[in-house]
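**Q** The structure is given below, and queries will be raised subsequently.
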Amino acid sequence: FRLPSRKCQKILGKNTELWEFEVYKFKEIGQLKAISRYLPRRDPVLKPLIYEMVLHEFLESDYEGFATLIKEWPGDLYNNTIIVQAVVDHLKKDPQNRTLLRTLAELYTYDQRYGRALEIYLTLRHKDVFQLIHKHNLFSSIRDKIVLLMDFDSEKAVDMLLDNEDKISIDRVVEELENRPELQHVYLHKLFKRDHHKGQRYHEKQISLYAEYDRPNLLPFLRDSTHCPLEKALEICQQRNFVEETVYLLSRMGNSRSALKMIMEELQDVDKAIEFAKEQDDGELWEDLILYSIDKPPFITGLLNNIGTHVDPILLIHRIKEGMEIPNLRDSLVKILQDYNLQILLREGCKKILVADSLSLLKKMHRTQMKGVLVDEENICESCLSPILPSDASKSFNVVVFHCRHMFHKECLPVSNTVSPVQFCNICSAKHRGPGSAILEMKK
């Protein structure tokens, strides 16, 4: 019947009456499927009953064919409500049929019943579910479906929820995920990565979530968060015997000695203990570390190799018991000597640089101070506040100008009580001795 069906387009043209007459003929002989692909969809458009009749034929015997027609045919060709009800009736017999469910979602979407379409897409875990939410702004419809979205694709769901906080608040999301703490953690972790302060009210909760589901990120969280209660975090870490996190919290709370003791006793890691002591830069911590290490040869080796620039190695060497075997002692002593020589070289180099810079600056200052100073009618004596030059140029005068550029009549300067001929500026010497030593005396 394909050939007759194909020829209908040429023979029947745009005559709707002839089309409808022929469709009924095909129905009588049970061949509606054959003519379905050739039915006109635009110019002319047949009665809705014709298209519904074809759809019902497919629905009874060919779900895939039915789904294809729903995709291809415009929704205004048939009565959407009738077709939806027919699909619902079939789903009662086969409720898990994915083809029918997907088709029903498409029918709901065309009918603008997006909430129902969304439920089906979520049940099917359909890839278009997020596109549907964005396209039709269905955020009000997903407030009670957040768990389903997260189960389907937690990464996409979290990104979407965080991008639309104005439509679904952080508090609402956390509340919906209360019974799914592992999903709650995923959401709050992503929120914290985006902004350390937005979810601050949940930082205490996050300590337990990180401890339970994501320990590798617990320490970075504790370091970056300024809102989590340290006492609560310490309690949780101690209960779970999280040594590294406990060490960090103890040091952050000011209890560095306990933190160091835990590193030495729990981790038995001399390198980490030395690194911790370097970070804290506390003499008492170094003393504790030496006392703990003095009867442990491997620890002594580590200390000899690393503390040369922080603690005098002699203090450690004097405490080593006579006869104790220290692994790689020779290499450690050689390293200490090398480090010492390096420090001497660095000090000598720094000293040479300092002397050279000081000399250069001194020469520059000397050249500056040797330059002449302009004295004219606008300058005043800093003591009597009268013009520095007399109005009558024929009169003799004595003017003293200091390196600080303050000027005085010589008779206005106080008589020096010292044997030294060097005079100092009254103004600058009240603050500090330096640039105000006299450089020029003008006489006339």
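**Q** Give me a count of the residues in the stretch 140-189 that are within 25 Å of residue 217 (Cα to Cα) and polar (S, T, N, Q).
**A** Within the stretch 140-189, residues that are within 25 Å of residue 217 (Cα to Cα) and polar (S, T, N, Q) number 4.
**Q** Could you check how many residues of the stretch 282-319 are modelled with pLDDT of 75 or more, surrounded by fewer than 16 Cβ atoms within 10 Å (Cβ to Cβ) and not in a helix (DSSP H, G or I)?
**A** Adding up the residues that qualify gives 3.
**Q** Could you list, in sequence order, all residues of the stretch 36-74 that are within 16 Å of residue 102 (Cα to Cα), part of a helix (DSSP H, G or I) and among the aromatic types (Phe, Trp, Tyr)?
**A** The answer is 58, 63, 66.
**Q** Exactly one of these conditions fails for residue 70: (1) under 21 Å from residue 41 (Cβ atoms); (2) free of Cβ contacts under 8 Å to residues at least 24 places away in the same chain. Give me its number.
**A** (2)
**Q** Can you pull out every residue in the stretch 86-132 that is in contact with a Ser or Thr (Cβ under 8 Å, 6 or more places away or on another chain) and either modelled with pLDDT under 85 or in a helix (DSSP H, G or I) (or both)?
**A** 87, 101, 114, 115, 117, 118, 132
**Q** Within the stretch 144-166, work out how many residues are basic (Lys, Arg) and surrounded by fewer than 15 Cβ atoms within 10 Å (Cβ to Cβ).
**A** Number of matching residues: 1.
**Q** Test of understanding: among 79, 97, which residue is touching a Phe, Trp or Tyr at 6+ places or on another chain (Cβ under 8 Å) and not charged (D, E, K, R)?
**A** 97
**Q** Can you give me the number of residues within the stretch 383-414 that are more than 60 Å from the chain's Cα centre (by Cα), surrounded by 10 or more Cβ atoms within 10 Å (Cβ to Cβ), in a loop (DSSP other than H, G, I, E, B) and among the hydrophobic types (A, V, I, L, M, F, W, C)?
**A** Final tally of qualifying residues: 5.
**Q** Scan the stretch 356-399 residue by residue and report those that are under 26 Å from residue 414 (Cα atoms), free of Cβ contacts under 8 Å to residues at least 60 places away in the same chain and β-branched (Val, Ile, Thr).
**A** 380, 388, 399 - these are the residues of the stretch 356-399 that are under 26 Å from residue 414 (Cα atoms), free of Cβ contacts under 8 Å to residues at least 60 places away in the same chain and β-branched (Val, Ile, Thr).
**Q** Which one of 188, 218 is within 16 Å of the chain's Cα centre (by Cα), in a helix (DSSP H, G or I), within 24 Å of residue 163 (Cβ to Cβ) and not aromatic (Phe, Trp, Tyr)?
**A** On inspection, the qualifying residue turns out to be 188.
**Q** Ok, one more. Report yes if some residue within the stretch 233-244 is in contact with a Ser or Thr (Cβ under 8 Å, 6 or more places away or on another chain), among the polar types (S, T, N, Q), closer than 29 Å to residue 188 by Cα and free of Cβ contacts under 8 Å to residues at least 60 places away in the same chain; otherwise report no.
**A** Among the residues of the stretch 233-244, at least one is in contact with a Ser or Thr (Cβ under 8 Å, 6 or more places away or on another chain), among the polar types (S, T, N, Q), closer than 29 Å to residue 188 by Cα and free of Cβ contacts under 8 Å to residues at least 60 places away in the same chain, which makes the answer yes.
**Q** Separate question: Please pick out the residue among 128, 89, 76, 94 that is out of contact with any Cys (no Cβ under 9 Å at 6 or more places or on another chain) and surrounded by 14 or more Cβ atoms within 10 Å (Cβ to Cβ).
**A** Just a single option satisfies the conditions, and that option is 128.
**Q** Then there is this: Exactly one of (1) in a helix (DSSP H, G or I); (2) in contact with a helix residue (DSSP H, G or I) (Cβ under 8 Å, 6 or more places away or on another chain); (3) over 15 Å from residue 118 (Cβ atoms) is unmet by residue 171. Its number?
**A** It fails just one condition, (2).
**Q** Restricted to the stretch 34-56, and to residues that are under 58 Å from the mean Cα position of the chain (by Cα) and under 12 Å from residue 83 (Cα atoms), which residue is surrounded by the most Cβ atoms within 10 Å (Cβ to Cβ)?
**A** Step by step, filter the stretch 34-56, then rank; the result is 54.
**Q** Considering the stretch 367-382 alone, what residues qualify as being more than 14 Å from residue 397 (Cβ to Cβ), surrounded by 12 or more Cβ atoms within 10 Å (Cβ to Cβ) and not β-branched (Val, Ile, Thr)?
**A** 369, 382
**Q** Can you pull out the residues in the stretch 138-154 that are in a helix (DSSP H, G or I) and under 18 Å from residue 182 (Cα atoms)?
**A** 146, 147, 148, 149, 150, 151, 152, 154
The values are calculated or read from the model by the stated rules, or taken from the named source; none is laboratory data. What you are looking at is a predicted structure, and each value in this text was computed from that prediction instead of being measured. Heads up, the Cβs are rebuilt from the backbone with ideal geometry, glycines too, and the neighbour counts pull from every protein chain shown.
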